[in-house]
Amino acid sequence: MTATLPRPRATAGGAAPGSRLRAAARRHGPVLAMFGALKLAGFCSFMYLLSSSGDYRGKHPRFGGGAHAWDVLATWDGWWYQQIALHGYDPKLVPVPGATGLITIEGNSAAFFPLYPALIRLTSTLTGLGSYGAGLLVSIVASFAAALGVYAIAERFGGRRGGLAAAGLWAVWPGSGVEWAVYSDSLYVALAAWACHAVLTRRWLTAGLLTFAAGLNRPTAAALIAALGVAALLSLRRREDGTLRPVLAMALAPLGLFGYLLWVGNRMGDLGGYFKLQSGAWAHEFDYGEQTWDVLTSVPVGKFDYLFAYPFADVISVGVILLACALLPLLLRLRPPAVLVLYTVLTLVLVLGSQQIVANISRYLLPCFPLFLPLAVAMRRLSLPVQCTLLGIAALASGSYAGYALFELGVP
């Protein structure tokens with residue numbers, strides 16, 4: 001008598017788990033492979049430039065230096081995130097004695113949002129890695145999740161090849177050097193991209209939860225919260241998805257951001273404490289675009305006498321600003337859903353309307369992934385070998401313009 005093996009259990013969709021896994025591999029494998037290859041090329045280029053220049057050896061380990069080239073990946077903001085993961089928060093507003101300039105308050109870790117360092121700590125506990133390795137692992141995994149999110153959105157406009165192009169652009173965009181570093185940017189873009197995708201597919205509770213998490217990761221989640229709110233109100237007006245789910249999404253979305261700001265304010269004894277810390281310790285505040293305009297009118301004529309000037313990195317950021325302004329009307333021509341338009345426009349307003357180190361703008365605009373859509377739709381007309389060649393060249397160059405320029409020639 002011949003024994004018969006049990007058949008794989010069918011899932012709710014009617015397909016066996018193995019077939020679903022194979023289908024997912026066919027669908028997402030090329031995206032992950034292409035993104036990983038491009039990122040690896042850019043990362044190796046970045047490490048080569050660091051090693052060949054050797055400038056990091058003469059810098060402080062907190063500020064772009066270290067014993068090895070890869071130590072640079074955990075400097076600047078990366079140092080703060082590791083301190084939070086290791087020691088937690090102690091929110092305070094401590095005046096700098098006798099200070100009269102821009103910096104009047106001592107830096108405090110409360111300026112950095114908690115989700116990313118919490119994941120560093122969790123990953124460290126589960127894997128045994130130190131804070132550096134855990135932070136890098138979280139960022140790398142999140143960068144792949146972000147690539148899939150960008151692909152999923154772009155595929156709706158430009159098909160599979162357009163989605164691949166968009167994921168490739170996320171790998172090589174100016175500022176992308178922080179995607180594989182101890183920085184929270186990859187995590188934020190992953191959350192934002194999938195939150196927008198959840199809105200597009202009308203999974204409101206998922207969108208609300210992802211936006212809630214994004215609010216625990218970066219303050220610019222305010223743009224995502226507003227975009228989701230408007231999309232939910234439009235759904236209510238059209239009576240597309242009932243009332244409960246869109247309303248719950250709107251209620252959940254802002255809790256992460258506002259909850260953290262209120263917690264910091266309460267611990268500091270000043271409800272506006274977070275903003276006072278950002279302004280007094282980092283000179284980062286909303287100035288209605290005055291700083292950005294100063295740079296835009298200075299760099300083209302070769303003047304670098306404005307606040308926080310880093311010439312090479314600033315030239316790149318000015319190029320990114322102009323590119324964003326050129327791509328926005330092209331995005332609008334695609335007539336994307338309101339959530340993508342509002343998210344992109346409000347992110348641009350928050351970033352360009354703030355006083356900050358302008359060299360960072362190439363990084364701060366990484367979340368504006370909907371701007372990739374016009375380029376991705378145009379690139380889908382190219383054959384896959386040509387598309388990969390162009391993106392491969394950009395990946396190698398990104399070691400300089402997206403990595404070295406940020407960490408060594410500017411302040412990321």
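The values are calculated or read from the model by the stated rules, or taken from the named source; none is laboratory data. Computed from a predicted structure; not experimentally measured. Methodologically, a virtual Cβ is constructed for each residue, glycine included, from the backbone with ideal geometry; neighbour enumeration extends over all protein chains shown. Accessible surface is based on the protein model in full, side chains and every heavy atom, while ligands, DNA and RNA are left aside. Shrake-Rupley method; radii C 1.70, N 1.55, O 1.52, S 1.80 Å.
Could you order peptides 269-279, 248-258 by the average number of other Cβ atoms within 10 Å of their residues, highest first?
248-258, 269-279
Can you give me the relative contact order of the chain as a percent, contacts being Cα pairs under 8 Å and 6 or more apart? Could you put the intermediate results ahead of the total?
Details: 655 pairs, mean separation 89.0, N = 412.
Worked out over the chain, it gives 22 percent.
What does the helix-only formula give at 222 nm for the chain: each DSSP H stretch with n ≥ 4 adding -39500 (n - 2.57), the total divided by the residues, and the result rounded to the nearest 500 deg cm²/dmol?
-20500 deg cm²/dmol
Ranked by accessible surface with a 1.4 Å probe, highest first, in what order do Asp185, Asp294, Asp287 come? Working shown, then result.
Details: Asp185 5, Asp294 60, Asp287 25 Å².
In descending accessible area the options line up as Asp294, Asp287, Asp185.
Compute the length gained on full extension between Ser51 and Leu396: take 0.36 nm times their separation in residues and subtract their Cα-Cα distance, giving the result in nm to one decimal. Could the numbers behind the result be given before it?
Working: separation 345, 0.36 × 345 = 124.20 nm, distance 1.54 nm.
Between Ser51 and Leu396, full extension yields an extra 122.7 nm.
In nm, what is the difference between 0.36 nm times the number of residues separating Leu205 and His28 and their Cα-Cα distance? Don't skip to the end; give the middle numbers.
On the way: separation 177, 0.36 × 177 = 63.72 nm, distance 2.42 nm.
So the extension gain works out to 61.3 nm.
State the percentage of accessible surface on the chain attributable to carbon and sulfur atoms; use a 1.4 Å probe and exclude ligands, DNA and RNA. Present the calculation step by step, with values, prior to reporting the outcome.
Values: 12080 of 18470 Å².
Ligands and nucleic acids excluded, carbon and sulfur give 65 percent.
By average Cβ neighbour count within 10 Å, what is the ranking of 81-89, 165-173, 343-351 from highest down?
Descending mean neighbour count gives 165-173, 343-351, 81-89.
With label points built 7 Å along Cα→Cβ from the Cα atoms of Asp90 and Ser383, find their separation and express it in nm.
Those two pseudo-labels are separated by 6.3 nm.
Taking every pair of alpha-carbon atoms in the chain, give the share separated by more than 42 Å as a whole percent.
13 percent
Between helix 255-268 and the chain, what is the angle of the helix's C-alpha long axis to the longest principal axis, kept within 0 to 90° and rounded to the nearest 10?
Tilt of helix 255-268: around 30 degrees.
Below 8 Å between Cα atoms, with a sequence gap of 6+, how large is the relative contact order for the range 242-361 in percent?
Here the relative contact order equals 34 percent.
For Arg62 and Thr297, calculate 0.36 nm times their separation in residues minus their Cα-Cα distance, and state this gained length in nm to one decimal.
Working: separation 235, 0.36 × 235 = 84.60 nm, distance 3.22 nm.
Taking Arg62 through Thr297 to full extension adds about 81.4 nm, to one decimal.
Quick one: which residues, 5+ away or cross-chain, put their amide H under 5 Å from the amide H of Phe286? H built at 1.01 Å from N.
Here Gln355 satisfy the definition.
Dimensions of the range 135-224 along principal axes (Cα, Å, largest first)?
Principal extents (Cα only, largest first): 31, 29, 20 Å.
Averaging the inverse of every distinct alpha carbon separation and then flipping it gives the Kirkwood radius. What is it for the range 273-342, in angstrom units?
Mean inverse Cα-Cα distance, inverted, gives 14.5 Å.
Residue by residue through the range 151-164, what is 3J(HN,Hα) from phi via Karplus (6.51 cos²θ - 1.76 cosθ + 1.60, θ = phi - 60°)? Round to whole Hz and write x for glycine and proline.
So the Karplus estimates, Gly and Pro as x, are 4, 4, 6, 5, 4, 5, 9, x, x, 4, 5, x, x, 4 Hz.
Using the basic label-point model (7 angstrom from Cα toward the beta carbon), what is the Val141 to Arg238 distance in nanometres?
Rounded to a tenth, the inter-label distance reads 3.6 nm.
Longest span of the chain, sites excluded, free of GluC sites (Glu not before Pro) in DSSP loop with at most 15 other C-beta atoms within 10 Å?
On the way: sites that count: Glu106, Glu240.
The longest such stretch corresponds to 241-412.
For the chain, what does the accessible surface come to per residue with a 1.4 Å probe? Please give it in Å². All intermediate terms of the calculation are to be shown ahead of the outcome.
Values: 18470 Å² over 412 residues.
Per-residue value: 45 Å².
What is the pair-distance distribution P(r) of the range 273-412, computed from all Cα-Cα distances in 10 Å bins starting at 0, with each bin given as a whole percent?
Percent of Cα pairs in each bin: 11, 35, 35, 16, 3, 0.
Using the 2.2 N^0.38 Å rule of thumb for compact globular proteins, work out how the range 139-287 stacks up: its C-alpha Rg over that value, please.
In units of the globular-protein estimate, the range 139-287 measures up at 1.15.
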